Amino acid sequence: MRQLRADRGLSLRDLAKLTVYAKSYIHELETGLKQPTDQAARRIDDALGARGELSALVSADGGIGRREFVAGGIAVALPHLVLDHGRQVGSDLPVQLTERTARLRRIDDYLGGADTYEVFAAEVESTRRLAQGGSFSEATGAALLTVLGEQAQLAGWAAFDAGRYVDSEHFYRMSLDAARGAGDSALAGNAMAFLAYQELALGRPGVPAATSAVETAGDDATPGVRALLHSRKAWAHAIAGQAGDAARHLGLAENCLTEADDRPDPDWVYWVDRSEMEIMTGRCWAVLHRPLRAISVLGQVLAAYDDTHARDKALYLTWLAEAYLDANEPEQACVTAGRAMRLSFGVGSVRPAKRLDLFLGRLAPYAALPCVGDLRAVAREWAQQRRLIAGATPGTR
């Protein structure tokens, strides 16, 4: 909706006048805070000169089947490649596959792993069979292994995001083997970092794997790679309650981002920037129960974080909500958690749900507050939607 409006050079106020709806209502629709009725969807489509795009998102009962609609569009636009596994492979094919993988990687900014897993896993299988059965030079073979390593990390991340932890570990280890076979130490280090992140999410120690990730990539890795791996190591130390080590690696990650280096970073660190580093810093302070530091960082950076990145923003807001609770500000904590819930509606990821369940479990001492009752009412609606999504997503656990 926002893109259609921008394409036509319309402001929020312009669209509000054309549809005879309030500007605030139009804004709430664009940011996902409200769902349009059938009538509103049709009127907005007409005003934008669209061909039913918004109406197609609205189900018979007025709810938006966002995941099914968008994921279906992705499947049509980017079906996985079916490669001829007995073919002679030239040096151009790994380049084309790398570019395609970069395009697929951007989808993760907007969709959860339950939406993308099947497409990403199919890409891995096709490239794996080609690497095993194709005919190519040694250099092309190494390039194919690098692509396979990148694709396996992407599929592993989607599996992890969907709660398919056996599958995610399988893909992460496949990625590690492929990266080692290709002699790509940075990619191998990132595979180790993914394994560490999963260990932490499952309640197991992650510092050893995070340490191996930094050491495997080495000091010769590009600044973006080292920034990412040091931030992951900081997170592992924070989860372990090791504030000094966490702060040290956060500092190292920030220093990496200021380095002058003419080498291009690999595409798989395209999302690592100062904003993401500030978010990781805030998350670390939150789990270390330093709420004032966490609130100062997270509050500022998330205010500018786009709601279209719904899964990630919902996740990050849960740490801000917990920091407010640690600071004895339950009202603000509930407001923040409510925003996270609304953003996570329809997101194909188990992670916001798990984080919010943990937060709701901490509210028992504040049960008499009106804000807690309001939040629990939202949570009941949220839980109902999660059950519907789980029923429509085979294999998610």
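So is Pro365 at negative phi, modelled with pLDDT of 90 or more and surrounded by fewer than 14 Cβ atoms within 10 Å (Cβ to Cβ) or not?
yes
Just to check your reading of the model, which residue among Tyr172, Tyr110 is of a type in the set (Phe, Trp, Tyr), in contact (Cβ under 8 Å) with a residue 60 or more places away in the chain and either on the phi < 0 side of the Ramachandran plot or in a helix (DSSP H, G or I) (or both)?
Of Tyr172, Tyr110, the one residue that is of a type in the set (Phe, Trp, Tyr), in contact (Cβ under 8 Å) with a residue 60 or more places away in the chain and either on the phi < 0 side of the Ramachandran plot or in a helix (DSSP H, G or I) (or both) is Tyr110.
Please enumerate the residues belonging to segment 1-41 that are open to solvent by 60 Å² or more (accessible area, probe 1.4 Å), assigned to a loop (DSSP other than H, G, I, E, B) and of a type outside the set (A, V, I, L, M, F, W, C).
Within segment 1-41, Arg8, Gly9, Lys34, Gln35, Thr37 qualify.
Taking only segment 218-256 into account, find how many residues are more than 23 Å from the chain's Cα centre (by Cα), closer than 21 Å to Leu176 by Cα and of a type in the set (A, V, I, L, M, F, W, C).
Residues flagged as more than 23 Å from the chain's Cα centre (by Cα), closer than 21 Å to Leu176 by Cα and of a type in the set (A, V, I, L, M, F, W, C) within segment 218-256 amount to 1.
Scan segment 258-271 and give yes if some residue there is under 21 Å from Thr146 (Cα atoms) and of a type in the set (Lys, Arg), otherwise no.
Among the residues of segment 258-271, at least one is under 21 Å from Thr146 (Cα atoms) and of a type in the set (Lys, Arg), which makes the answer yes.
For segment 154-169, which residues satisfy the criterion of being open to solvent by less than 10 Å² (accessible area, probe 1.4 Å) and part of a helix (DSSP H, G or I)?
Passing the criteria: Ala155, Gly156, Ala158, Ala159, Phe160, Asp161, Ser168.
Is it the case that Leu97 is under 25 Å from Leu195 (Cβ atoms), at pLDDT below 90 and open to solvent by less than 10 Å² (accessible area, probe 1.4 Å)?
no
Given the conditions (1) out of contact with any Phe, Trp or Tyr (no Cβ under 8 Å at 6 or more places or on another chain); (2) within 18 Å of Ala227 (Cβ to Cβ); (3) buried (at least 20 other Cβ atoms within 10 Å of the Cβ); (4) not basic (Lys, Arg), and given that Cys284 satisfies all but one, which numbered condition is not satisfied?
Among (1) out of contact with any Phe, Trp or Tyr (no Cβ under 8 Å at 6 or more places or on another chain); (2) within 18 Å of Ala227 (Cβ to Cβ); (3) buried (at least 20 other Cβ atoms within 10 Å of the Cβ); (4) not basic (Lys, Arg), Cys284 violates only (1).
The values are calculated or read from the model by the stated rules, or taken from the named source; none is laboratory data. Just so you know, these numbers come straight off a predicted model, no measurement behind them. Note that we place each Cβ from the backbone using ideal geometry, even for glycine, and neighbour counts take in every protein chain shown. Remember, those area values only see protein heavy atoms, side chains included, never the ligands or the DNA or RNA. Shrake-Rupley method; radii C 1.70, N 1.55, O 1.52, S 1.80 Å.
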